[in-house]
Structure formats: structure tokens, C-alpha cells
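The values are calculated or read from the model by the stated rules, or taken from the named source; none is laboratory data. Computed from a predicted model, the values in this text were never measured in an experiment. Positions of Cβ are backbone-derived with ideal geometry, glycine not excepted, and every protein chain shown enters the neighbour counts. Surface areas here come from the heavy atoms of the whole protein model, side chains and all, with no ligands, DNA or RNA. Shrake-Rupley method; radii C 1.70, N 1.55, O 1.52, S 1.80 Å.
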Amino acid sequence: TLNREDIEDFLEARYFLESFTLEKVMRTIRPEEMAGLESAHKEMENALGDPEAYPEKDIAFHQKLVEAAGNKVLASMAEAIYSRMREQIGKSMVRHLKADNLRESWERHGDLLECIRNKDLPGALGLRREMLEYSRRSNT
């Protein structure tokens, strides 16, 4: 089980990794990678009523985002972070479901997709900060 300090360390690492990823994706994303992100977002929507499936779909979305950056080292770092956080993210998602916030999570990911489509880096980075702050409050 992750303690509070572990969770904070992972959230901080995730924030920096995903912020850099967004910067790179904004410059390099190809139509097929955008389609992969949209498909991952649709899978999240399909799992909205399933607290067991939703966390994995959420992580899959973020993995697609990192893959779109086209950097194997980043992808490896992301996998290390996501694999260690899977258990805690799952617990967090159950709380989200009880608070009826899974839909809000899905909508935020849709907003992030829209920022990527529009190459709106400041908007995307602002959403990442908000999403990770929400994770911080949910997990500590």
C-alpha cells in the first residue's frame, strides 16, 4: 500500500511527465494517434458505470497520450508510474463513483482532447494541474 508521501511523489512525477508529454504531443501528434486517444476516451465512456473497469480505461488513455509523444524512454517512465499507482487509482475511482464524479473525470479528459485538437497548450496544462490536484485531494 502506498503511503501519503509515496502518493505525493507519484503525483508530482506524473505531473511533470505528462506536462512534458503534452508539450511534445502538441507539436507532433498525427491523425492516427489522435484517433487512438479518441478511441481510448470512448472506452472510458463505456466504462462509466463500472468502477472495476474505469481505472484501467483511464490509465489506458494516459498511456495512449504518452505513446503519441513518440519517446520510448518517456513511455517506460510512464509505465513505471502507472503500474505503481494502479492500486491507489482504483481506490480513488471507487470514491469518484460514490461521489458521482466519474462522468466529471470523463468530461475532463474530453476537454483535454479538445485542447490537443486545438493545440491549446496553456489550456491543456491547466487541465492537467486541475486533474492532478483532484487526484491529490482524493488520495491523501
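Some points to look at:
- Within segment 52-79, the set of residues being part of a helix (DSSP H, G or I) and farther than 27 Å from Asn101 by Cβ comprises Lys72, Val73, Leu74, Ala75, Ser76, Met77.
- Taking segment 1-33 as the range and being open to solvent by less than 100 Å² (accessible area, probe 1.4 Å) and β-branched (Val, Ile, Thr) as the test, the residues that pass are Ile7, Thr21, Val25, Thr28, Ile29.
- Any hit, segment 41-51, residues being among the charged types (D, E, K, R) and outside any helix (DSSP H, G or I): yes
- Total residues in segment 1-40, condition of a type in the set (S, T, N, Q), outside any loop (DSSP other than H, G, I, E, B) and over 19 Å from Leu125 (Cα atoms): 1
- Qualifying residue in segment 120-127 (condition: surrounded by fewer than 16 Cβ atoms within 10 Å (Cβ to Cβ), within 14 Å of the chain's Cα centre (by Cα), part of a helix (DSSP H, G or I) and at pLDDT 90 or above): yes
- Boolean, Arg136 is at pLDDT 85 or above and within 24 Å of Asp6 (Cβ to Cβ): no
- Residue selection: Val66 fails the criterion of being without any contact (Cβ under 8 Å) to a residue 60 or more places away in the chain, under 17 Å from Val25 (Cβ atoms) and out of contact with any Asp or Glu (no Cβ under 9 Å at 6 or more places or on another chain).
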